[in-house]
Amino acid sequence: MKRVRTEQFQYTVAQYLKRRQYVDSEGPLKGPKLSQTVEEMAANLTVQTESGCTNFVSAAPCQADSQQYEIQFGQLRTFLTDTNVQWSREVTSVLYPLFVYLHLDMVHCGLKSSVDSFYSRFHSMFLQDTDQKDIIEQLRTTLTVQDISSNPKLRAFLDNKYVVHLTDEAYNYLLRYLQSDNNTALCRVLASHIQVEVTSTQRTVYQLYGSGPSGVGGFSRGDASNNMEPGDVPASILQNEAARNSLQECIKRVKDGPPSLSTVCFYAFHNTDQLLNSAEISANSKLLAAGFDNSCVKLWSLRARKLKAEPHQVDVSRINLACDVLDDETDDEDSAGTEMKTLRGHCGPVYSTTFLTDSSGLISCSEDTTIRYWNLGSFTNTALYQGHAYPVWDIDISPCSLYFASGSHDRTARLWTFSRTYPLRLYVGHLADVDCVKFHPNSNYIATGSTDKTVRLWSTQQGNSVRLFTGHRGPVLSLAFSPNGKYLASAGEDQRLKLWDLASGALFKDLRGHTNNITSLSFSPDSSLIASASMDNSVRVWDIRNTYCNASADGSSSELVGVYTGQISNVLSVQFMACNLLLTTGTTQENQEH
């Protein structure tokens, strides 16, 4: 029964195909052949090879609706003129022959109304060129087949193929457009009347600056290619080459020349009634965070825009009882924003704060042995990290904000991730407090400085110590990696700034000049300068290349290039930003009510 129904279905489909005048309609319904001769296999392989995307133009259908001439040509023109692709201008040379042949094809088909609309809409595109203008004006009066036969120039168009030279990239660009939509009219003209000569582009060092189309259109009889030879370099490209060499030479002279003094921006804390422990500026220079002894973190906006929390769907900070009188009062401070926000959550002094790379969050560590994450969209504490048994002195975030590290009074450093409230790694080896931690630029290593007067370099993933740097005569309070990843700077209570070569593990430079504890270090973006802040109320900038530096009169190292002092009682931190800008935070000598 099932076989009979299948045969009836095949018979019905075959009759329908015959009525639609399809040839050999019964062949596909009989199913695939299980055996083939060698000749049949060769023929099938040839058909599969010649029916690929490369021959898409030549295999286009040979029928098109009367309205499709204008629609398809208009879409191609819009595609080439509105896009800013480098091959659009080269493919534009196809528009002129397409316009002529589409016009003549519509005349042959007797589509008079379509001819008039098509000509009036697009003929103005080709009136700027003198040779093209002559043919375009003749098409205005060409409305019948007899008009074409009586015009020698139009007969030449039909008797010969118009040649267009395109590069490989431009030809593929045109093919991708033709395959993207119904472009049967365009494909028929391209297959019948236009010969596209594809030339391979020769990549040279001058291709960086670009070049014009590699050829122009014309008839195939007597035309010669005008492609540019590799040695015929335009003068404009040679000028660009000279300008590039001059720019590179200027960059080299600036890089190898004497260092320029950094611009210093100092943010001073006035009248702090609570002891200020730390200060940090975000990477985008928009926010300033500070940790205080009264267990709070304060956040300031460094721009004109005030700090405003995102609206909450539910205000969990207020619980209304049945006896409360509910008013429709709104908090004007929250709606308008403020210049400062106070973040409360710790129950002990806050010793360090660090922003995420995108400044969307902040982490802080405290004497209460915890680390807290603050969402700077809502200015709320959203995560609590516990693991240390004693106060946490310092924290640092990896360059991509995937991990953060902490150092504590329990003599260990720990690795954390934001999605886990427990540490992933413990770095054990110091004999006293871990006072500072810092991530290497590649995040594969963590450096720690300790009260035991040593600096250790740890493998982030393995957890083992790979370098031990000794030489300090007091606790190490600050660390900094150079952005190029070659050097590690360390400083502390011995008033010396030491630079270590990470590859060899040896001391690279020992810089002297400060007269009190060094509390903060920062490298310039090009790794040539390093700034240090000290409790002697000064900020010093050093050139580690030591090429153009002279000996200082006060006994400082010859690498010293600048000393910045002011009416300050304590410098908390220094941070190099873009454009050689050095941001400094500290407290003034005033002592009034906050």
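The values are calculated or read from the model by the stated rules, or taken from the named source; none is laboratory data. Because the structure is predicted, anything quoted here is derived from the model rather than measured. Cβ sites come from the backbone with ideal geometry, for glycine too, and all protein chains shown count toward neighbours. Side chains are part of the model used for accessible areas, which takes the heavy atoms of the whole protein and leaves out ligands, DNA and RNA. Shrake-Rupley method; radii C 1.70, N 1.55, O 1.52, S 1.80 Å.
Keeping to the range 235-290, report how many residues are modelled with pLDDT of 85 or more, touching a Ser or Thr at 6+ places or on another chain (Cβ under 8 Å) and of a type outside the set (Asp, Glu).
19
Would you mind stating whether Ser443 is assigned to a loop (DSSP other than H, G, I, E, B), surrounded by fewer than 23 Cβ atoms within 10 Å (Cβ to Cβ) and either in contact with a Cys (Cβ under 9 Å, 6 or more places away or on another chain) or modelled with pLDDT of 95 or more (or both)?
yes
For the range 87-94, indicate whether the set of residues that are open to solvent by 40 Å² or more (accessible area, probe 1.4 Å), at pLDDT below 75 and not in a helix (DSSP H, G or I) is non-empty.
Taking every residue of the range 87-94 in turn, none turns out to be open to solvent by 40 Å² or more (accessible area, probe 1.4 Å), at pLDDT below 75 and not in a helix (DSSP H, G or I).
In the range 380-428, which residues are open to solvent by less than 10 Å² (accessible area, probe 1.4 Å) and either outside any strand (DSSP E or B) or not aliphatic (A, V, I, L, M) (or both)?
Tyr385, Ser398, Phe404, Ser406, Gly407, Ser408, Trp416, Tyr427
Give the residue that is farthest from Thr519 (Cα to Cα), with candidates limited to residues of the range 475-493 that are more than 34 Å from the chain's Cα centre (by Cα) and in contact (Cβ under 8 Å) with a residue 40 or more places away in the chain.
By that ranking, first place goes to Pro475.
From the list Asp116, Asp147, Asp131, which residue is out of contact with any Cys (no Cβ under 7 Å at 6 or more places or on another chain), over 21 Å from Ala185 (Cα atoms), in a helix (DSSP H, G or I) and open to solvent by 60 Å² or more (accessible area, probe 1.4 Å)?
Asp131
For residues that are open to solvent by 20 Å² or more (accessible area, probe 1.4 Å) and of a type in the set (Lys, Arg), scanning just the range 496-512, find the one that is farthest from Asn277 (Cα to Cα).
Taking the candidates together, the pick is Lys509.
Step by step: first the residues of the range 451-495, then only those that are in contact with a Pro (Cβ under 7 Å, 6 or more places away or on another chain) and of a type outside the set (Lys, Arg), then the one that is surrounded by the most Cβ atoms within 10 Å (Cβ to Cβ). Which residue is that?
So the residue we want is Gly492.
Answer with yes or no whether His193 is within 25 Å of Gln67 (Cβ to Cβ), exposed (fewer than 13 other Cβ atoms within 10 Å of the Cβ), touching a helix residue (DSSP H, G or I) at 6+ places or on another chain (Cβ under 7 Å) and at pLDDT below 85.
Criteria not met by His193.
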